[in-house]
1. Touching a residue at least 24 places away in the same chain (Cβ under 8 Å) and exposed (fewer than 10 other Cβ atoms within 10 Å of the Cβ) - does that describe any residue in segment 29-52?
2. Got at least one residue in segment 17-26 being out of contact with any helix residue (DSSP H, G or I) (no Cβ under 6 Å at 6 or more places or on another chain), surrounded by 11 or more Cβ atoms within 10 Å (Cβ to Cβ) and of a type in the set (Lys, Arg)?
3. Hey, can you tell me all the residues within segment 75-96 that are under 12 Å from Leu52 (Cα atoms) and of a type in the set (D, E, K, R)?
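What follows is calculated from the coordinates using simple rules that are stated; it is not laboratory data. These figures come from a predicted structure and were not determined experimentally. Every residue, glycine among them, receives a Cβ derived from its backbone with ideal geometry; neighbour counts consider all protein chains shown.
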Amino acid sequence: MDMPSLGEAFAEEKDPQGIVDHHFRSYEPRFLENRRVEFMCHCGRERLQTLLTLMPADELEDILENGPLPMEVRCHHCNTPYHFNEDEIQDMIGPQVSNGRSKG
């Protein structure tokens, strides 16, 4: 069976039912319902920045000293890249030190 890429087929606005009918005809598929399926990620720059503040201060300091800068962080779910420059990383270290956290 030579199935096309579903992502490409849907990007070309091909009919999902037509794809199933064509490729699975011998199985006599029955369509019980037709719903739109969407992917949505709730990531955002602020959310990732909050997560980065949970890193140990010494690791953030190592990034400042050794790079790479700007630091790129990608969302695990949607692969959206977020970049943080030196000043932003320094700001992430600040709250950890002022809250009495140790650097390790």
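1. Within segment 29-52, the first condition is being touching a residue at least 24 places away in the same chain (Cβ under 8 Å), and the residues that meet it are 39, 41, 43, 45, 48-49, 52.
Those left that are additionally exposed (fewer than 10 other Cβ atoms within 10 Å of the Cβ): 39.
Yes, that holds for at least one residue.
2. no
3. Glu88, Asp91
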